[in-house]
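**Student:** For reference, the structure I am asking about is given below.
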Amino acid sequence: MGRLTNRTSPGWTYFVTTKSWQNEPLFQVHETAEIVVSKILEYRDRGSYLLHEFVLMPNHLHLILTPAVNVSLEKAVQLIKGGSSYEIHRVRGNQMQIWQSGFHESRVMSWDDLKRKADYIHFNPVAAKLVDLPREWTYGSASDMHKLDPVPQGLKPRASESPNVGPKGPTPLKARA
């Protein structure tokens, strides 16, 4: 049976999960975790993708990102995994496997879907009993230590009803006099 391919399209936003090699807690080492986070931010800064949320756990990574128009989702994930692996090997002087091959993705379909997935990312370290509050986990976007990109326009919440203001709104009584 052949490998599964990811179905992606330019301009879509994705929730991505990838795991460390053999699910080992490789990222519990501070130096290794810092390298992975720095690579996530580096490739965002280079314009490879918009980064909306992320959390690096001891044995896996969750991201919400929108690849750049000229970058596939597969390439965006490869940049993070390949860039961090190379740097970890260079700094730590070893050639051990860092990441499992492949990743899982799901398209973010709406504002509610985005909020659900962002909450999952934020509370992952709390659920794992690594911290008491999401903001205490420094290897994630909930810490407010890392710059994030705005949510794509198509995923922003829609106003349920326009307020009764503006040129078509009623004129206040005092203004009529």
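The values are calculated or read from the model by the stated rules, or taken from the named source; none is laboratory data. Please read all numbers here as calculations on a predicted model, not as lab measurements. No Cβ is skipped: glycine too gets one built from the backbone with ideal geometry, and neighbour counts run over all protein chains shown. Surface accessibility is based on the protein's heavy atoms, side chains included, excluding ligands, DNA and RNA. Shrake-Rupley method; radii C 1.70, N 1.55, O 1.52, S 1.80 Å.
**Student:** Hey, among Val55, Val16, Val37, Val71, which residue is free of Cβ contacts under 8 Å to residues at least 24 places away in the same chain and either farther than 17 Å from Ala142 by Cβ or within 13 Å of the chain's Cα centre (by Cα) (or both)?
**Tutor:** After applying the criteria, what remains is Val71.
**Student:** Also, quick follow-up: Residues of segment 83-103 being over 17 Å from Ile40 (Cβ atoms), within 21 Å of the chain's Cα centre (by Cα) and either free of Cβ contacts under 8 Å to residues at least 40 places away in the same chain or not in a loop (DSSP other than H, G, I, E, B) (or both), which ones?
**Tutor:** Passing the criteria: only Ser101.
**Student:** Still on this structure, please answer the following. Can you pull out the residues in segment 100-117 that are under 19 Å from Leu61 (Cβ atoms) and not hydrophobic (A, V, I, L, M, F, W, C)?
**Tutor:** Gln100, Ser101, Gly102, His104, Glu105, Ser106, Arg107, Arg116, Lys117
**Student:** What is the one condition in (1) at pLDDT 95 or above; (2) open to solvent by 30 Å² or more (accessible area, probe 1.4 Å) that Met1 does not satisfy?
**Tutor:** Among (1) at pLDDT 95 or above; (2) open to solvent by 30 Å² or more (accessible area, probe 1.4 Å), the lone unmet condition for Met1 is (1).
**Student:** Need the failing condition index for Gly154 against (1) farther than 19 Å from Gly11 by Cα; (2) at pLDDT below 95, just the number.
**Tutor:** (1)
**Student:** Could you list all residues from segment 121-160 that are small (Gly, Ala, Ser) and in a loop (DSSP other than H, G, I, E, B)?
**Tutor:** Selection gives Ala128, Ala159, Ser160.
**Student:** Here's another thing I want to ask about it. List the number of the failed condition for Leu79; all other conditions in (1) open to solvent by 20 Å² or more (accessible area, probe 1.4 Å); (2) out of contact with any helix residue (DSSP H, G or I) (no Cβ under 8 Å at 6 or more places or on another chain) hold.
**Tutor:** Answer for Leu79: the failing condition is (2).
Residue-wise test of (1) open to solvent by 30 Å² or more (accessible area, probe 1.4 Å); (2) within 18 Å of Leu41 (Cβ to Cβ).
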{"site": "Ser106", "(1), (2)": "yes, no"}
{"site": "Asp112", "(1), (2)": "yes, no"}
{"site": "Arg116", "(1), (2)": "yes, no"}
{"site": "Val126", "(1), (2)": "yes, no"}
{"site": "Lys129", "(1), (2)": "yes, no"}
{"site": "Trp137", "(1), (2)": "yes, yes"}
{"site": "Ser143", "(1), (2)": "no, yes"}
{"site": "Lys156", "(1), (2)": "yes, no"}
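**Student:** Another one. Going residue by residue through segment 4-11, is there one that turns out to be over 27 Å from Trp111 (Cα atoms), modelled with pLDDT under 95 and open to solvent by 50 Å² or more (accessible area, probe 1.4 Å)?
**Tutor:** Checked segment 4-11: at least one residue is over 27 Å from Trp111 (Cα atoms), modelled with pLDDT under 95 and open to solvent by 50 Å² or more (accessible area, probe 1.4 Å).
**Student:** Right, here's the next one. How many residues, within segment 58-68, are farther than 23 Å from Thr138 by Cβ and out of contact with any helix residue (DSSP H, G or I) (no Cβ under 7 Å at 6 or more places or on another chain)?
**Tutor:** Of the residues in segment 58-68, 2 are farther than 23 Å from Thr138 by Cβ and out of contact with any helix residue (DSSP H, G or I) (no Cβ under 7 Å at 6 or more places or on another chain).
**Student:** Among the residues of segment 82-103, is any of a type outside the set (A, V, I, L, M, F, W, C), touching a strand residue (DSSP E or B) at 6+ places or on another chain (Cβ under 6 Å) and within 22 Å of Thr13 (Cβ to Cβ)?
**Tutor:** no
Listed here are the residues, each with its yes/no results for (1) of a type in the set (Asp, Glu); (2) within 24 Å of Arg135 (Cβ to Cβ); (3) at pLDDT below 95; (4) assigned to a strand (DSSP E or B).
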site	(1), (2), (3), (4)
Val37	no, yes, no, no
Val55	no, yes, no, yes
Lys75	no, no, no, no
Asp113	yes, yes, no, no
Arg116	no, yes, no, no
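**Student:** Then there is this: Could you look through segment 12-43, keep only residues that are open to solvent by less than 50 Å² (accessible area, probe 1.4 Å), in contact with a strand residue (DSSP E or B) (Cβ under 8 Å, 6 or more places away or on another chain) and not aliphatic (A, V, I, L, M), and pick out the one that is farthest from Gln100 (Cα to Cα)?
**Tutor:** Thr13
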